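Below: the structure, in structure tokens.
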Amino acid sequence: MTGFTTTAIHGIRSKENPHGTLRVPTYDCVSFEYEDSKAIQQAFEGKRMAHTYSRISNPTVTHLEQTLRLLSGGIAVLAVSSGMAAISNTILALGSAGKNIITTKHLFGNTLSLFEKTLSAWGLEVRYVSMNDMDTIDTAIDTDTCCVFLESITNPQLEVADCNAISVVAQKHGVPLVADNTLMTPYLFNSRKNGVDIEILSSTKYISGGGTTVGGIIIDNGTFDWNKSAKLKEYAARYGSMTFIARLRQEIYRNVGACLSPHNASMQSLGLETLSLRIDKSCESSLEIAHFLSRHSTVQATHYPGLPDSASYDIAQKQFGSQSGGILTFDLKNIDYCFKLMDSLNVIRRATNVNDNKSLIIHPWSTIFAEYRDEEKCAMGIRPTMLRLAVGIEDIADLIKDLEQGLEQL
Ligand SMILES: *Cc1c(COP(=O)(O)O)cnc(C)c1O
């Protein structure tokens, strides 16, 4: 096996490439033709690996899936239309009415809304725990628990859960651990080696390579015995370790219809080729900016797991190594200061999204979390004085200069 970047660039070299194109073509097609009716019957029966219809599989999308399989070390990968589609497809595969999910309020806002509003209306119970408290997690799990769901690093709280410790508790109860690893990606965090059974990525972020396209990824790490899943055990005899992704592709994903377009898959495969280079740059700049902000007298607090005084520092070093991702937050005196700083920036852009090539700043309290009441925002760890900076890959001197001139105006 080659290194991460070499694998990301070359992927699997397909033998079915009549023109020898160096890049896998974008197969803009819905349907596929067969030599005879027997062959098409076998394809529909799943007796031969073949594409039938692009809502179910497409060669350009398969290329992205297979490259991510190599990079993650998982056993099977499914690419979908967005990060939210990855989460909803996964929960639809694992849960049902009367089941419960163990999670935390410190979640990506739309994920929280999916659990609390959309899925609970269909009878899924959501149980909130602190991911630092193994006893509470242990007590919350019962025979109706369909999974434990967490984010490898929370946004914008920037907390890091100890996935190995949580997986021990989940395993004891025969419950899969699902982790949204969007902000770290398999490059910074190997979820399989840290007890995660199902990994989810919003490929919209780091993978797309410059905020080009929306997409999502589901990775089965091959670590969970599907005979233990109330919902999937009847399929385990037939599909074995491939049960989870097989059920998605042949039922849930197929029927929900949130497929990734070949165009987006092609853009994301291109993004994947430079993923490690972009992440290295954004992590290095994030640490430098975090040090700069933490020393600045106008900044009241700086939060970044790579700062030794961060509550997540030790676990981040253990799980992620020396790189702690491309997002940091900092607090100013009040909302007015936050807005003024944002408005004075010339290089850093005012926008939502993270892990773009461009550095992006936002005031989460008044934007991403606007739909929640003040007490709810506080319970989610959102402060009115907090700004979130998602660090891009510009020249670091320009980013620091931009922040410096903005802070001077306050
Ligand atoms: C953006 C994001 C999502 C949702 O992804 P989309 O591609 O926008 O649907 C889910 N989880 C995390 C952590 C995210 O940052």
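The values are calculated or read from the model by the stated rules, or taken from the named source; none is laboratory data. Note that the structure is a prediction, hence the values are computed from the model and not measured. For neighbour counting, all protein chains shown are included, and Cβ atoms are generated from backbone atoms with ideal geometry for every residue, glycine included. Remember, those area values only see protein heavy atoms, side chains included, never the ligands or the DNA or RNA. Shrake-Rupley method; radii C 1.70, N 1.55, O 1.52, S 1.80 Å.
Given R0 = 35 Å, the distance between the Cβ atoms of S31 and R238 translates into a calculated FRET efficiency of 0.85. Which residues make up the longest stretch of the chain clear of trypsin sites (Lys or Arg not before Pro) that lie in a DSSP loop with no more than 13 other Cβ atoms within 10 Å, not counting the sites? No qualifying site falls inside 49-332, the longest such stretch.
Of the GluC sites (Glu not before Pro) found in segment 350-410, the ones in coil according to DSSP and having at most 11 other Cβ atoms within 10 Å of their Cβ are E371. Taking a sphere under 9 Å around the Cβ of E151 and counting the other residues whose Cβ falls inside, with K and R at +1 and D and E at -1, yields a net charge of -2.
In straight-distance terms, cross-link reach from K47 covers every one of the aspartates and glutamates whose alpha-carbon lies under 12 Å from its own, apart from those fewer than eight places away in the same chain; here that gives an empty set. Can you list the residues, at least 5 places off or on another chain, whose amide H is less than 5 Å from the amide H of C147, using H built in the peptide plane? Amide H neighbours of C147, under 5 Å, 5+ apart: I102.
Residues of segment 250-268 with an amide N closer than 13 Å to a point placed 7 Å from the Cα of H51 along the Cα-to-Cβ direction: 260-266. Note on E116/A230: beta-carbon distance plugged into 1/(1 + (r/R0)^6) with R0 of 30 Å gives a FRET efficiency of 0.85. Toward the positive end of the charge dipole of segment 127-278, about the Cα centre and with charges on Cβ (Lys, Arg +1; Asp, Glu -1), which of N132, V196, L277 goes farthest? Of the listed residues, the answer is L277.
Taking amide H as placed 1.01 Å from N in the peptide plane, T182 has its amide H under 5 Å from the amide H of S152, S202, each at least 5 places away in sequence or on another chain. Dividing the Cα radius of gyration of segment 279-410 by 2.2 N^0.38 Å, with N the residue count, gives 1.01. Computed on protein heavy atoms with a 1.4 Å probe, the accessible areas place E273, E35, E159 in the order E35, E159, E273, largest first. Only Lys, Arg, Asp and Glu carry charge here, each on its Cβ (+1 for the first two, -1 for the last two); on that basis the chain has a dipole of about 920 debye about its Cα centre. Here the spin labels are modelled as points 7 Å beyond Cα on the Cα-Cβ line, and at N255 and M1 they lie 3.5 nm apart. If you take all other residues with their beta carbon under 11 Å from the beta carbon of A93, and give Lys and Arg +1 and Asp and Glu -1, the sum is +1. Here the average projected area of the convex hull drawn through the C-alpha atoms of segment 4-272 stands at 14.2 nm². Here segment 275-408 is treated with +1 on each Lys and Arg Cβ and -1 on each Asp and Glu Cβ, and its dipole about the Cα centre works out to around 140 debye.
Taken as Cα centroids, segment 190-262 and segment 325-404 sit 32 Å apart, rounded to the nearest whole angstrom. Remark: segment 207-219, residue by residue, has Karplus-estimated 3J(HN,Hα) of 5, 4, x, x, x, 8, 8, 8, x, x, 9, 10, 10 Hz, where x stands for each Gly or Pro and the curve is 6.51 cos²θ - 1.76 cosθ + 1.60 at θ = phi - 60°.
Projecting the Cα positions of L389, S294, L341 onto the charge dipole of segment 275-408 (unit charges on Cβ atoms of Lys, Arg, Asp and Glu, taken about the Cα centre) puts L389 furthest along the positive direction.
Using the membrane-span-like helix rule (whole DSSP H runs, Cα extent along the own axis of at least 15 Å, mean Kyte-Doolittle hydropathy at least 1.0), which helices of the chain qualify? Counting only whole DSSP H runs, the qualifying helices are 83-94. Under 5 Å from the amide H of E125 lie the amide H atoms of G98, K99, N100, I101, each residue being 5 or more positions distant or on a separate chain, with H modelled from the backbone and absent for Pro and chain starts. Potential lengthening of the chain between K172 and A379 amounts to 71.6 nm, from the contour at 0.36 nm per residue minus the alpha-carbon distance. Here each label is just a point 7 Å from Cα along the line to Cβ, and for D343 and M134 those points are 5.1 nm apart. Centre-to-centre separation between the Cα atoms of segment 128-153 and those of segment 268-310: 29 Å. Taking all protein chains into account, the per residue accessible area for the chain stands at 43 Å² (1.4 Å probe).
Ligands, DNA and RNA aside, H303 has an accessible area near 70 Å² when probed at 1.4 Å. The lysines within cross-link reach of K117, meaning a Cα-to-Cα straight distance under 27 Å and a gap of 8 or more places when in the same chain, are K99, K105, K205, K231, K377.
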